[in-house]
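Engineer: One structure, as structure tokens, below. Some questions next.
All of the numbers you see were taken from the coordinates with simple rules; none came from a lab. Treat the numbers as computed from the prediction; the structure is a model and nothing was measured. Here the Cβ is made from the backbone with ideal geometry for all residues, glycine too, and neighbour counts use every protein chain on show.
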Amino acid sequence: MTEIRVAIIGVGNCASALVQGVEYYKNAKEDETVPGLMHVNFGGYHVRDIKFVAAFEVDQRKIGRDLAEAIFAKPNCCAKFADVPCLGVKVLPGPILDGVAEHMKEPFNVYDEREIKPVNVSNVLKETGAEILINYLPVGSYNATRFYAQAALDAGCAFINCIPEFIASDPIWARKFEDKGLPVAGDDVKSQLGATILHRNLVKLCIDRGVLVDETYQLNIGGNTDFLNMTVEERLKTKRISKTEAVTSLVPYKLPTRIGPSDYVPFLGDKKICYITLKGRKFGNLPVTITAKLEVEDSPNSAGVVIDVIRAVKLALDRKIAGPLISISSYAFKHPPVQVPDSIAKEWVEEFIRGNRER
């Protein structure tokens, strides 16, 4: 099998966890079960087959540095769990657009457009031979996400949309990728064991056991720049839609739900703490209440999921499959084109790997 050439938008904590993870598992045995991956060998591709060839950023502390160094530059606070050697990939200035909210300009140390000019993204993708472009822009980057999605189309790149801006689940954008003969996966990546996946399974447990759910809510706090970015409500519209629909899609009736707010607590760093409460009625209309607390290192929680998505998208490229990838999107993302229970989505992915499912 050939290498998988990957470009990254946004060299933040999630990118740091992804790059470290590829290094960390590069020597994993193919018959080994490792935390966070569906398979070490995913349809013929090992983790070490992933090769990073380009990266785009707006933070002056990262631009011009090798990707292996940039992933540890401030304000990144992802735990260091692998020593990444020089990758020979210089981080390039990407367009700012709406990828940086006004209150994030200082934390992100954004470059001055009078002094630094953004690169032509589609040209860079072509020149580096990138096959897959991963979107790690901040939540609320409506225009920037669409700019990069179009750049991927222009360059002949597949697109993985890890944030809650709707591309794979938008019929118009889905058709654009289909017309270009390119796969797209998204939207809004789920963590390996995060707030959404835990909340979904608590709700599904109640539905499966005949408990009538009356109301549920989820509160999250964290200390990384993702949480700082989300302190401005106008950046959160699609995030709320994505997380809410991921939970309510499992319920066959209208369910009062509140997902959020997300609160920023600086000293938590990359730690995320989630509180979930669910109230319902069981036999005899008697009340039942479930409360749960989840505490995780936030950014590495999705890195293994993205490693699996990268390899699924590569299989789609190999097989000339175009448009939204239903199986891996349903399994790995909060707002996929098709919402199904996670157990069904997992089986769809296994069928896709075996070649028994078209997409």
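Engineer: If you fit an axis through the alpha-carbon atoms of helix 300-318 and take the longest principal axis of the Cα set of the chain, what angle between them do you get, 0 to 90°, nearest 10?
Structural biologist: Long axis of 300-318 versus the principal axis of the chain: about 70 degrees.
Engineer: Take the Cα coordinates of the stretch 195-297, assign each an equal point scatterer, and use the Debye formula without solvent to give log10 I(q)/I(0) at q = 0.16, 0.20 Å⁻¹.
Structural biologist: -0.70, -0.98
Engineer: On C-alpha positions alone, give me the angle between the axis of helix 13-24 and the longest principal axis of the chain, in degrees, nearest 10.
Structural biologist: For helix 13-24, the angle is close to 80 degrees.
Engineer: For a Förster distance of 51 Å, can you work out the FRET efficiency between the beta-carbons of residue 320 and residue 267, rounded to the nearest 0.05?
Structural biologist: Working: r = 50 Å, r/R0 = 0.97.
Once the sixth-power term is evaluated, E becomes 0.55.
Engineer: Right, another one. Once you sort the root eigenvalues of the Cα gyration tensor of the stretch 67-173 as a ≥ b ≥ c, which label holds: rounded (a/c under 1.5), prolate (a/b larger than b/c) or oblate (the other case)?
Structural biologist: Taking the square roots of the gyration eigenvalues as a ≥ b ≥ c, the stretch 67-173 is rounded.
Engineer: Under the rule of at least 5 residues apart or a separate chain, name every residue whose amide H is placed under 5 Å from the amide H of residue 265.
Structural biologist: 222, 223
Engineer: Would you mind checking the tilt of helix 142-155 against the longest principal axis of the Cα atoms of the chain, expressed as 0 to 90 degrees and rounded to 10?
Structural biologist: Roughly 50 degrees, rounded to the nearest 10.
Engineer: Take every DSSP beta bridge with both residues inside the chain and express the antiparallel ones as a percent of the total, to the nearest 5.
Structural biologist: 50
Engineer: Let me ask something else. Restricting to DSSP H runs of at least four residues, report the calculated mean residue ellipticity at 222 nm for the chain, -39500 (n - 2.57) per run over all residues, nearest 500 deg cm²/dmol.
Structural biologist: Mean residue ellipticity at 222 nm (helix-derived): -10000 deg cm²/dmol.
Engineer: Let me ask something additional. Between residue 127 and residue 74, what's the calculated FRET efficiency when r is the beta-carbon distance and R0 is 25 Å? Round to 0.05.
Structural biologist: That pair, residue 127 with residue 74, gives E of 0.30.
Engineer: Take the alpha-carbon positions of the chain, form their convex hull, and give its projected area averaged over all directions (one quarter of the hull surface) in nm². Walk me through the numbers before you get to the answer.
Structural biologist: Details: hull surface 69.4 nm².
The number I arrive at for the chain is 17.4 nm².
Engineer: Another question about this same structure. Extending each Cα 7 Å along its Cβ direction at residue 66 and residue 113, get the distance between those two points in nm, one decimal.
Structural biologist: Calculated label separation equals 3.3 nm.
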